[in-house]
Each structure stands twice: as structure tokens, then as C-alpha cells.
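Working notes, structure below.
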Amino acid sequence: MIKTAFKHAFPKTIPVFFGYLFLGISFGVLMIGVGLDWYWAPVMSLVIFAGSVQFVAVGSLLTAFNPLTAFTLTLAVSARQLFYGLSMLERFKSVNGKKPYLIFALTDETYSLLVAENVPEGADRGWFYFWISALNQSYWILGSTLGAVFGMFLPFNFKGIEFAMTALFLYILLNQWEANADHAPTLIGIGSALLSLAVFGPERMIIPAMIAILIGLFAYRKRRERKTDSARENGGACS
Amino acid sequence: MTTPQIITTILIVALTTLITRVVPFLVFPESKKIPDWAVYLDKVLPYAVIGMLVVFCFKDTPITAAPYGLPELIASLAVVILYKLTKRMILTIGGGVIVYMILIQIIFVSK
């Protein structure tokens, strides 16, 4: 049962293998670049396992010790994770004790694989999800460790490697833009963030931006429902 | 930071991340029906959140002083072009990073 699930899960994770290896290396290199010891990279990837959070945490580790700032910064960056669980409520039912790990390991990438892939016939759902999550985390630990160890020996200027995160989000945005004909949610996200950045400044933008997004999305929901209703009344096909 | 301070900070970050992942499962236990608004958010939030994160990445880019955000703009255009041409994650992200590193290390050298 465990083996069958692994055989099905492994091929699905190959894109994430390359993505995490590269991002993990960028993260490890960044850690070394700012003067932290290499072993903190695998430690963080083991106990935190969240890309954007870990990049931000490097910044926290550079400043004076401040638990409250570390807490609020992490909350601000990972608040979006609150919503990932919503689409896993059904999927994570009756997975025989693997649920705590599945919840812990629910990154952007694992999330996208779990919603994109149906559980193959003959494979146990719990084990299938477990292997996808665990393989992804192993890639992330491997990448960040390699980056942190290589960073010590490579006489190379890594300035600018942090652009990997920007590029990853841009890549996902472009992917979503092509996959979904309704661009309003994306534009609501961008617009809310720009507005929040202008009003609250770079340090405090995330939470207000999220509130603005919720307002925007619920306003859009009403409009969308009205549109759907009137389309029905007119007898037209609704998209 | 001392080693115990680093460990404490890492644990705080780890626990906070875990909280954000666990809360939906506490709010909606297996026995409870998921409300309509949550179903709607599940559909549209991933798009809005990624849009927000892209803006978040550029929040510290100075656009009123030299080089006026040009390295970020050019590297982002490279990402878009590479995506359109290849649709491959590694080529798109890797290429964008290389372009950005060349721009800020060689072409737009500050100081």
C-alpha cells in the first residue's frame, strides 16, 4: 500500500523537485550570504517548511532579537495559508493519522499538486498525499542544505538571487492568468496590494491588503451573482 | 543574535506558520458543513493572493531615484517572455534570476 502510493506520487512531484531544489539553493545561499551558519538552513527547512516565510525569517534573524516582530512578520507573510486549508477539509478526511503532517506540510506547491491531482485508482489516499508532501519537503531540505554548503565554498557574488521568489510568484501568476478566463480575482489582488502599499507603506501593507482583498472579492461575488442571474433571466448562456 | 535567540526565533516562526495552516481545520472540523462563502473564497483567493504577493515583492523597489526600478522591470519582462516562450518553471525562474543578477551586479552598479 505504501509502495504503490509512492510509485504514483513520485512522478507528480518531479516539477516541484526542480523548483524546490533551485529555490532551496537560493535560500541556503542567501542565509550564508548574510553571515548565518549553514546548518540553520536544514533546521529551518525541517521545522518551518515555508518558502516565503523562511526568506523573510532570514531578515528577522539579522536584526535584534524580537519575538513579537518575528511573530507578526510570519503571520503577515503566511496569513494566506489560512485559506489553503479550506480546500483540504474534504481531502484530508480519514487519512489514518497522517493528517497532522499533511497540515504541517501544506505549502503553496504541495497545495497546488494536491488540488490538481486525483488520487490514482488502487492507491491509498492518505499515503499518496503523504508521499507528495514528504517528497516535496525532502527536496526543499536538500536544496537549502546544498545552497548553504555551496555558498561557503563558491567565491561568487550572489547579490540578486532573492529575485527567485519574485520570479516564482510571477510564474504562478502567469500560469493562473492563462488557466482562468476570469481575471477579476487576480486584478483585485494586485489592486488591493498597490492601494495598501500607497496608503500604509511597504512595512505594513500585507494585512490591510488582505482585508481589502476580502472586501473586493465579496463585492465581486455579489456582482458576479447578479450577472449570472440576469444572464439566466435573459435566457443567455452564462460563462 | 545568540544561538538560543536564533533557536527561539526559528521556533516562533515555525509555530506561527503552523497556526496559519491549522486554523481552517479547527474552525471547520470534519463533522461540520463548509459554508458557501468559504467555498467561494476557496475558488478566487489563490488568484488574488498571488497578485498581492507579486506586488509585495516589489514593495521596497525605489522608483523615484536611480535606477528607477529598471532592473526589476527588465528582469520581470524577461520572466514574462521566458514564460511565453518555454512555459517551463525552471527556465522561467532561472532565466529571470540570471538576468536580474547581471543587471544589478554589472549594468546598474550602485555607488
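The values are calculated or read from the model by the stated rules, or taken from the named source; none is laboratory data. Note that the coordinates shown come from a computational prediction; the quantities given were computed from them, not determined experimentally. Virtual Cβ from ideal backbone geometry, glycine too; neighbours counted across all protein chains shown. SASA here: full protein model, heavy atoms, side chains in, ligands and nucleic acids out. Shrake-Rupley method; radii C 1.70, N 1.55, O 1.52, S 1.80 Å.
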So the FRET efficiency between B:Leu91 and B:Val39, C-beta based with R0 = 30 Å and rounded to 0.05, is 0.25
Only loop residues by DSSP count here, and only those with at most 15 other Cβ atoms within 10 Å; note down the chymotrypsin sites (Phe, Trp or Tyr not before Pro) in region A:12-85 that meet that.
A:Tyr39, A:Phe65
log10 I(q)/I(0), Debye, Cα-only chain B, no solvent, q = 0.19, 0.21 Å⁻¹?
-1.04, -1.08
Calculated from backbone phi, Karplus (6.51, -1.76, 1.60) coupling profile of region A:4-14 in Hz, x at Gly/Pro
4, 4, 4, 4, 6, 6, 3, x, 5, 8, 4
Leaving out same-chain residues fewer than 8 places away, which lysines sit with a Cα under 27 Å from that of B:Lys32?
A:Lys93, A:Lys98, A:Lys99, A:Lys222, B:Lys43
Over all Cα pairs of the protein assembly as shown, how is the pair count split among 20 Å bins, expressed in % and running from 0 up to the last occupied bin?
27, 60, 12, 0
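Rolling a 1.4 Å sphere over the protein heavy atoms, what is the accessible area per residue of the protein assembly as shown, to the nearest Å²?
About 49 Å² of surface per residue is accessible.
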Region A:57-190: Kirkwood hydrodynamic radius (Cα pairs, Å) comes out at 17.9 Å
Proximal charge balance of A:Phe49 [Cβ under 12 Å; K/R count +1, D/E count -1]
-1
Residues of region A:17-54 with amide N under 17 Å of the 7 Å Cα→Cβ point at B:Leu11
A:40, A:43-49
Along the principal axes of its C-alpha atoms, what lengths does region A:1-113 span, in descending order and rounded to whole Å?
48, 27, 20
Take each uninterrupted DSSP H stretch in chain B, measure its Cα extent along the helix axis, and return the ones at 27 Å or beyond whose mean Kyte-Doolittle hydropathy is at least 1.6.
B:3-27
Suppose R0 equals 51 Å; then what is the FRET efficiency for A:Lys3 and A:Leu195 from their Cβ-Cβ distance, rounded to the nearest 0.05?
0.50
How many angstrom lie between the Cα centre of region A:68-106 and the Cα centre of region A:1-47?
18 Å
Take the solvent-accessible surface of the protein heavy atoms, probe 1.4 Å, and return the percent of it on the protein assembly as shown that carbon and sulfur atoms account for.
68 percent
